[in-house]
1. Quote the FRET efficiency, to the nearest 0.05, computed for residue 101 versus residue 242 with a Förster distance R0 of 35 Å and r equal to the Cβ-Cβ distance.
2. Label points 7 Å out from Cα along the Cβ direction at residue 26 and residue 117: separation in nm?
3. Using θ = phi - 60° and the Karplus curve 6.51 cos²θ - 1.76 cosθ + 1.60, what whole-Hz ³J(HN,Hα) does each residue of segment 112-123 get, with Gly and Pro shown as x?
4. So which lysines can residue 139 reach, going by Cα to Cα under 28 Å and dropping same-chain residues fewer than 8 places off?
5. Which of the peptides 43-56, 187-200, 271-284 is most tightly packed, and how do the rest follow, going by the mean number of other Cβ atoms within 10 Å of each residue?
6. Suppose each label sits 7 Å from its Cα in the direction of the beta carbon; what would the residue 194-residue 279 distance come out to in nanometres?
7. Which FRET efficiency value, to the nearest 0.05, is calculated for residue 61 and residue 133 with the Förster distance at 35 angstrom and r the Cβ-Cβ distance?
8. Quickly work out the residue 44-to-residue 10 label distance, labels modelled 7 Å from Cα along the C-beta direction, and quote it in nm with one decimal.
Amino acid sequence: MTSVKEELISEVESEAQVMQIVQAALEGIDMDALTSMTPGLPQVARQNAINSLLGSKKLVIQQAPGGLLRLKVNTSQQIAGTEEEQVIYGLIEESKTRGIWIKELRDGSGLNQLQLRKTLKSLETKKLIKTIKAVGTTKKCYIVFDLEPDMSLTGGTFYSDQQLDSELINTLISVCGSYASSRRKHAIESNPNNIQMQRESSYIRPQEIAQFITEKRVLNVPLSLEDLERILEVAVLDGTIERRADGKIRACAPRSSISPLVSVPCAVCPVVEDCRPGYVISPQSCDYMKNWLAEL
């Protein structure tokens with residue numbers, strides 16, 4: 001009885017020791033490294049522990065680039081399917097919202113092209129995975145069916161059918177500028193004799209603009225604060241708004257229009273004293289005058 005009990009304890013301890021080492025290796029561990037890190041385990045005990053952990057799905061074997069096999073902790077959701085489907089689904093699930101390319105699936109699974117495509121087709125039919133067309137490439141990326149892809153794949157709110165939506169961006173820049181301008185105008189009218197209060201009251205937090213856009217339903221899709229910040233960056237570069245160190249923004253002061261008379265060529269013409277209508281030197285025959293009038 002004691003011998004049987006000691007044998008059971010030994011098996012449990014062996015599995016626990018192997019599991020602890022594999023858990024510490026985030027990228028997995030190969031057999032040679034595992035052997036060197038468990039010198040106190042006999043070869044048979046080590047192999048039995050590995051087989052038991054693989055059989056209970058606590059560990060999985062994955063092929064690293066170069067063909068090296070590694071033991072990894074199985075973090076994948078168990079699905080009904082073939083062994084190939086389990087492996088491929090595990091790799092796709094592991095990629096999370098970033099997705100995974102077909103070359104990475106081939107390298108990670110060791111399947112040939114025909115096996116891989118057949119397995120992917122089966123998983124797509126079962127609605128366990130889906131394909132995403134990433135911005136800037138025609139290649140397909142695979143992701144778990146219920147997940148939304150990362151913005152680095154889709155381009156985010158400002159992309160539609162893989163194309164940058166310039167009209168949407170310009171509309172949002174205009175909305176942000178108009179809202180900031182109205183706040184600046186209100187600040188000036190509310191504090192006619194206090195320049196410092198006018199300045200301070202004209203600054204607004206980006207969250208206020210985001211709330212305004214949401215309440216007015218300017219967009220049919222949610223606009224994150226990160227998306228709005230990207231729009232505000234463009235508006236700053238355009239000179240529509242300005243931002244201070246604490247992140248608040250306000251509309252820039254309206255640019256004063258310069259009178260065309262400032263650039264009239266007569267002001268710097270060396271023969272202006274001899275210029276007369278109907279003369280050889282006249283406004284009618286002056287090329288500089290013609291160019292100035294064309295630019296008005």
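Bear in mind these aren't lab numbers, they're just calculated from the coordinates by the rules spelled out. Everything numeric in this text was worked out from a predicted model, so none of it was measured. Counting neighbours? That spans all protein chains shown, and the Cβs are built from the backbone with ideal geometry, glycine included.
1. 0.25
2. Each label point is offset 7 Å from its Cα along the Cβ direction, giving 3.6 nm.
3. Once rounded to whole Hz, the list reads 6, 4, 5, 4, 5, 5, 5, 5, 5, 4, 5, 5.
4. 96, 103, 118, 121, 126, 127, 130
5. Averaged packing, sorted descending, gives the order 43-56, 187-200, 271-284.
6. Each label point is offset 7 Å from its Cα along the Cβ direction, giving 6.1 nm.
7. Rounded to the nearest 0.05, the efficiency is 0.65.
8. About 0.8 nm, to one decimal.
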